[in-house]
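Student: Right, I'll just put the structure down here and ask away after.
Just so it is clear, none of the values below were taken in a lab; they were calculated from the coordinates. Note that the structure is a prediction, hence the values are computed from the model and not measured. We place every Cβ from the backbone using ideal geometry, glycine too, and count neighbours over all the protein chains shown.
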Amino acid sequence: MVDLATFRKEVHAWLEQNCLPEMRQPAAGDEDYCWGGRKWKFQSDAQRRWLERMAEKGWTVPDWPKEYGGAGLTKEETKVLRQEMRALGCRSPLDSFGIWMLGPALLRYGNEKQKREHLPRIARGEIRWCQGYSEPGAGSDLASLQTRAELRGDQFVVNGSKIWTSYADEADWIFCLVRTDPNAPKHEGISFLLFDMDSAGVSTKPITLISGKSPFCQVFFDDVIVPKENLVGQINQGWEIAKYLLTHERDMIGGMGSASDHRSLGEIAVNAVGEEHGVLADTMLRGQIAAFEIDAWAFRLTMERAGDMARAGQAHPAISSLLKYYGTELNKRRMELVMAASGYEALEWEGQRSRDGKVARAWLRSKANSIEGGTSEIQLNIIAKRILGLPGV
Ligand SMILES: Cc1cc2nc3c(=O)[nH]c(=O)nc-3n(C[C@H](O)[C@H](O)[C@H](O)COP(=O)(O)OP(=O)(O)OC[C@H]3O[C@@H](n4cnc5c(N)ncnc54)[C@H](O)[C@@H]3O)c2cc1C
């Protein structure tokens, strides 16, 4: 093992050599984020090559073991890699629910066969996953879910429906919560199943978001046959896996509050409002942006501290709720300021100049941040009960 300073130098040199210039530009739109999967069409040759090079190195999932497609890096080495990528402006080679959510759950709860089958394909961006949790009537109260999986011999027969399933129509496989014992107390009759979205009996219907886009769906299961071996963990004990996966989802969503890959608010505002004596002409906006930047900086440091505590095994188990709550509220605040700072262009919904209302649509999309992955109210309930120790209602 090399020391961290040497490792940093090696990482820096490798990234300099292998991260193509196009992949060092900030993403200009959704299409610049690579999601992989059987249906994925690369936006450019550079996007494809960047993914291939990083996957070959094991750096799409640097801290996963080598046998599952990772590079087996320590937590400290992983942090160095991320710091160097940020310093050089390298884009993420692969965005994926497989990496952020399913992977950590499989590493902990999957059996060897499941790990070897699914993790390397996630790491290489070959299979895209969606999350089948929410149902009509089972969102915040997720354990009320009704989708039924009946064990018949060595296979499950799945019937029911899911809702708000992000990218279900583009995903290849689904990780899905199903009820396997309708008579048990609600948390105790749930199992965690994996299956191919191309299975007979699976269909999807897109739902349009307020932003005018349609990245999520209602999903229907009609006598879908799933081999018993696709059950993760024990039957009727999926709730524990579901909760563990949710902490990773919340960390991922909360992380958007500390994202540093977008243009600075000051830069956006100067373009629209102009400067006076070397500072932003609008004093009110200037104050709001300064206050936001201070809070965003403090949040980035809090994220980093939470990461270090997690690495040391000292993080509070409910910290992801705190980060999810603050990170998403911060991102919504940022988007309000982007609207204010962008001038009249931000009001345009269609047209070339505004790239089809990019700002307005992103602002509207941000409204969902404090709903997806568990609402802000639910996170506040968890913080009140589990972190502050207040009595439950
Ligand atoms: C953009 C987006 C993408 C999503 N992607 C996915 C996905 O890929 N897969 C998936 O499974 N789900 C997904 N979801 C669903 C998401 O997890 C749910 O919307 C969320 O958990 C809230 O559930 P609900 O919509 O049923 O609202 P409800 O649970 O009906 O809540 C309605 C309102 O009541 C409040 N409320 C409910 N219970 C309480 C309580 N006990 N105390 C205080 N207030 C309460 C809520 O905060 C909310 O304001 C997505 C949602 C969005 C918006």
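Student: Mark the label point 7 Å from the Cα of residue 297 along Cα→Cβ and return the residues of segment 84-110 whose backbone N is within less than 19 Å of it.
Tutor: 87
Student: For the chain, what does the relative contact order come out to in percent, with C-alpha contacts under 8 Å and a separation of six or more?
Tutor: Numbers: 648 pairs, mean separation 48.0, N = 393.
Normalised by residue count, the contact order of the chain is 12 percent.
Student: Picking from 180, 97, 132, whose Cα lies most toward the positive end of the charge dipole for the chain (charges on Cβ: Lys, Arg +1; Asp, Glu -1)?
Tutor: Checking the options against the dipole of the chain, the answer is 180.
Student: Assuming 0.36 nm per residue, please report the length gained on full extension of the stretch residue 4 to residue 42 beyond their Cα-Cα distance. Let's see the in-between values first.
Tutor: Working: separation 38, 0.36 × 38 = 13.68 nm, distance 3.41 nm.
Stretched out fully, the residue 4 to residue 42 stretch lengthens by 10.3 nm.
Student: Of 349, 173, 59, which has the largest mean-square fluctuation in a 10 Å C-alpha GNM of the chain?
Tutor: 349
Student: Among 287, 189, 238, determine the one that fluctuates most according to a GNM of the chain built with springs between C-alpha atoms less than 10 Å apart.
Tutor: 287
Student: Do the sum for the chain: with -39,500 (n - 2.57) for every DSSP H run of n ≥ 4, divided by all residues, what is the mean residue ellipticity at 222 nm, to the nearest 500 deg cm²/dmol?
Tutor: Helix-only estimate at 222 nm: -12500 deg cm²/dmol.
Student: Between beta-carbons, use under 13 Å as the cut-off and find the net charge around residue 190, counting Lys and Arg +1, Asp and Glu -1.
Tutor: Residues near residue 190 contribute -1 overall.
Student: Ok, one more. Give me the percent relative contact order of segment 261-393, please, defined on Cα pairs under 8 angstrom at least 6 residues apart. Could you put the intermediate results ahead of the total?
Tutor: Values: 107 pairs, mean separation 34.0, N = 133.
The value is 26 percent.
Student: Points 7 angstrom from Cα along the Cβ direction at residue 56 and residue 286: gap in nanometres?
Tutor: About 5.1 nm, to one decimal.
Student: Follow-up question, since we're still on this one. Give me the one-decimal nm value for the distance between modelled label points at residue 308 and residue 27, 7 Å along each residue's Cα-to-Cβ direction.
Tutor: In this crude spin-label approximation the distance works out to 2.8 nm.
Student: Pull up the DSSP beta bridges for the chain and report the antiparallel fraction as a percent, rounded to 5.
Tutor: Numbers: 32 of 38 bridges.
Approximately 85 percent, going by the DSSP bridge assignments.
Student: Now, a different point. Report the charge-dipole magnitude of segment 50-136 in Debye, nearest 20, computed about the Cα centre from +1 at each Lys and Arg Cβ and -1 at each Asp and Glu Cβ.
Tutor: Working: 15 positive and 12 negative charges, 16 e Å.
Magnitude of the dipole: close to 80 debye.
Student: Rank 61, 221, 21 by how far each Cα sits towards the positive end of the charge dipole of the chain (+1 on Lys, Arg Cβ; -1 on Asp, Glu Cβ) and give me just the farthest.
Tutor: It is 61, whose Cα lies furthest towards the positive end.
Student: Enumerate the calculated ³J(HN,Hα) couplings along segment 188-194 in order (Karplus 6.51 cos²θ - 1.76 cosθ + 1.60, θ = phi - 60°), each rounded to whole Hz, writing x wherever the residue is Gly or Pro.
Tutor: So the Karplus estimates, Gly and Pro as x, are 9, x, 10, 10, 10, 10, 10 Hz.
Student: Next question. With r defined as the distance between the Cβ atoms of residue 271 and residue 186 and R0 fixed at 41 Å, what FRET efficiency is calculated, to the nearest 0.05? Intermediate results must be reported in sequence, preceding the final value.
Tutor: Working: r = 53 Å, r/R0 = 1.28.
With a Förster radius of 41 Å, E is 0.20.
Student: Going through the DSSP H helices of the chain, which span 15 Å or more along their own axis at the Cα atoms while scoring at least -0.5 as a mean Kyte-Doolittle hydropathy? Can you show the working numbers first?
Tutor: On the way: long enough: 4-18 (20 Å, -0.60); 45-57 (18 Å, -1.77); 75-88 (20 Å, -1.14); 112-123 (16 Å, -1.83); 238-254 (24 Å, -0.32); 283-311 (42 Å, 0.00); 319-341 (32 Å, -0.06).
Long hydrophobic helices here: 238-254, 283-311, 319-341.
Student: Over segment 331-382, calculate the relative contact order: mean separation of alpha carbon pairs under 8 Å at least 6 apart, over the residue count, as a percent.
Tutor: 33 percent.
Student: Charges on Cβ only, +1 for Lys and Arg, -1 for Asp and Glu, centred on the Cα centroid of segment 281-355; of 307, 354, 322, which one is farthest towards the dipole's positive end?
Tutor: With unit charges placed on the Cβ atoms, the residue in question is 307.
Student: Given +1 on the Cβ of Lys and Arg, -1 on the Cβ of Asp and Glu, and no further charges, what dipole in debye does the chain carry about its Cα centre, rounded to the nearest 20?
Tutor: 400 debye
Student: Here is a further query. For the chain, modelled as a Gaussian network with Cα springs under 10 Å, which listed residue fluctuates most, 219, 202, 273?
Tutor: 273
Student: So for the pair residue 75, residue 143, with labels modelled 7 Å out along Cα→Cβ, what separation do we get in nm?
Tutor: 2.9 nm
Student: For a quick size check, give me the Cα extents of segment 19-137 along its three principal axes, largest first, whole Å.
Tutor: 40, 37, 25
Student: For segment 313-393, with only Lys/Arg (+1) and Asp/Glu (-1) charged at the beta-carbon, what is the dipole magnitude about the Cα centre, in debye rounded to 20?
Tutor: 180 debye
Student: Within a Cβ distance under 14 Å of residue 294, other residues only, what is the Lys/Arg minus Asp/Glu net charge?
Tutor: Here the count lands on +2.
Student: Can you tell me the mean projection area, over all orientations, of the convex hull of the chain's alpha carbons? Units nm², please.
Tutor: Directional mean of the projected Cα hull area for the chain stands at 21.5 nm².
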